[in-house]
Amino acid sequence: MSGQTICGIDLGSRSVKIALMRSENEEEGFEILRLESLDTIRFYREYGRKQGEKLVVDFEALGLPAVDCLVSTGYGRNTLELAGGAAIPELKAHVLGAIYQTGLKDFTLVDLGGQDSKIIQVRNGKMVDFMTNDKCAASSGRYLENMATILDVSLEQLGQYVDAPVELNSTCAVFGESELIGKIVEGFPLAELAAGVNSTIVKRILPLLRSFTGEVLVFTGGVAHNHAVGRLLEAGSGKKIVVPKEPQFNGAIGCCCEGRV
């Protein structure tokens with residue numbers, strides 16, 4: 001299809017990501033016009049209303065123009081479908097987004113979002129294997145947010161610490177907070193505590209990667225903004241890490257790619 005404005009919406013558990021893209025023609029390619037992230041509760045409260053079994057989105061209130069195609073995916077997709085659009089599986093959206101953003105066709109996608117994690121093996125541009133975890137927030141952005149709050153640092157500051165990590169062994173996000181507080185009481189410095197938090201995320205992911213082959217990891221999701229986690233993941237896996245320009249919007253961008261097909 002050509003001459004289209006496409007809107008992709010990733011209905012995440014913590015935030016709703018919106019991508020607006022334009023395809024003039026096959027030769028000129030595909031252009032990102034706008035990216036926007038909204039708190040999930042705010043999105044449903046202010047911009048959505050249920051009509052029958054579907055969710056009607058007030059695009060005018062969002063400040064979005066009329067679009068030719070609407071495609072959605074994500075955490076909310078299983079419970080409420082958007083009116084006037086198509087829904088695609090979350091894994092497919094993330095694969096399409098990663099291919100578009102990196103130009104790669106063979107890679108292992110590691111997506112660490114707000115409350116879940118996904119690992120997807122991609123070969124020749126197709127998903128051949130995957131593993132997901134949405135039962136525990138221990139390897140997610142929620143875990144990092146909670147730990148950053150305890151340490152009284154921003155997420156950006158947390159992502160700067162790599163060296164001499166404190167050993168944190170709890171595999172539960174809730175118990176992990178208590179363990180971190182215990183380390184603070186023992187007198188460990190902030191740099192080592194923060195590095196320990198980042199290292200813990202990676203220690204939970206590395207065992208899952210053993211069954212996935214390939215030399216390149218494409219790292220997406222909000223956690224991909226944590227530079228320390230990316231460095232530790234590269235060192236621990238021995239694989240090249242590629243972080244797309246817009247890791248947090250990967251699923252929404254993938255929805256736009258599906259709409260262009």
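The values are calculated or read from the model by the stated rules, or taken from the named source; none is laboratory data. As the structure is a prediction and not an experimental result, all values here were calculated from the model. No Cβ is skipped: glycine too gets one built from the backbone with ideal geometry, and neighbour counts run over all protein chains shown. Quick note on the areas: whole protein, heavy atoms, side chains included, nothing else; ligands and nucleic acids left out. Shrake-Rupley method; radii C 1.70, N 1.55, O 1.52, S 1.80 Å.
If you go through region 118-143 and pick out every residue that is at pLDDT 90 or above and either charged (D, E, K, R) or open to solvent by less than 40 Å² (accessible area, probe 1.4 Å) (or both), you end up with 9. Of all residues in region 183-225, those satisfying the criterion of being touching a strand residue (DSSP E or B) at 6+ places or on another chain (Cβ under 8 Å) and outside any helix (DSSP H, G or I) are 211, 212, 213, 214, 215, 216, 217, 218, 219, 220, 221. The residues of region 218-261 that are in contact (Cβ under 8 Å) with a residue 60 or more places away in the chain and charged (D, E, K, R), listed by number, are 231, 239, 245, 246, 258, 260.
Could you pull out the residue among 91, 104, 96 that is in contact (Cβ under 8 Å) with a residue 24 or more places away in the chain and farther than 21 Å from residue 237 by Cβ? Among 91, 104, 96, only 96 is in contact (Cβ under 8 Å) with a residue 24 or more places away in the chain and farther than 21 Å from residue 237 by Cβ. When you go through (1) open to solvent by 90 Å² or more (accessible area, probe 1.4 Å); (2) among the charged types (D, E, K, R); (3) closer than 22 Å to residue 244 by Cβ one by one for residue 50, which number turns out not to apply? Result: residue 50 passes all but (3). If you go through region 55-70 and keep only what is buried (at least 18 other Cβ atoms within 10 Å of the Cβ) and part of a loop (DSSP other than H, G, I, E, B), you end up with 64, 67. Counting residues in region 223-244 that are closer than 28 Å to residue 10 by Cα, exposed (fewer than 15 other Cβ atoms within 10 Å of the Cβ) and either at pLDDT below 95 or of a type in the set (D, E, K, R) (or both) gives one or more. Do the conditions hold for residue 151, that is, is it open to solvent by less than 70 Å² (accessible area, probe 1.4 Å), out of contact with any Asp or Glu (no Cβ under 6 Å at 6 or more places or on another chain) and under 30 Å from residue 68 (Cβ atoms)? So residue 151 fails the test.
Annotation note: Cβ proximity below 8 Å between a residue of region 20-42 that is at positive phi and a residue that is at pLDDT below 90 and buried (at least 17 other Cβ atoms within 10 Å of the Cβ) (sequence gap 6+ or interchain) occurs for 29/23. Consider region 96-116 and keep the residues that are farther than 30 Å from residue 52 by Cβ and open to solvent by less than 10 Å² (accessible area, probe 1.4 Å). The one that is farthest from the chain's Cα centre (by Cα) is 107. Within the option set 216, 174, 202, being more than 21 Å from residue 13 (Cβ to Cβ), surrounded by fewer than 19 Cβ atoms within 10 Å (Cβ to Cβ) and not acidic (Asp, Glu) holds for one residue only, 216.
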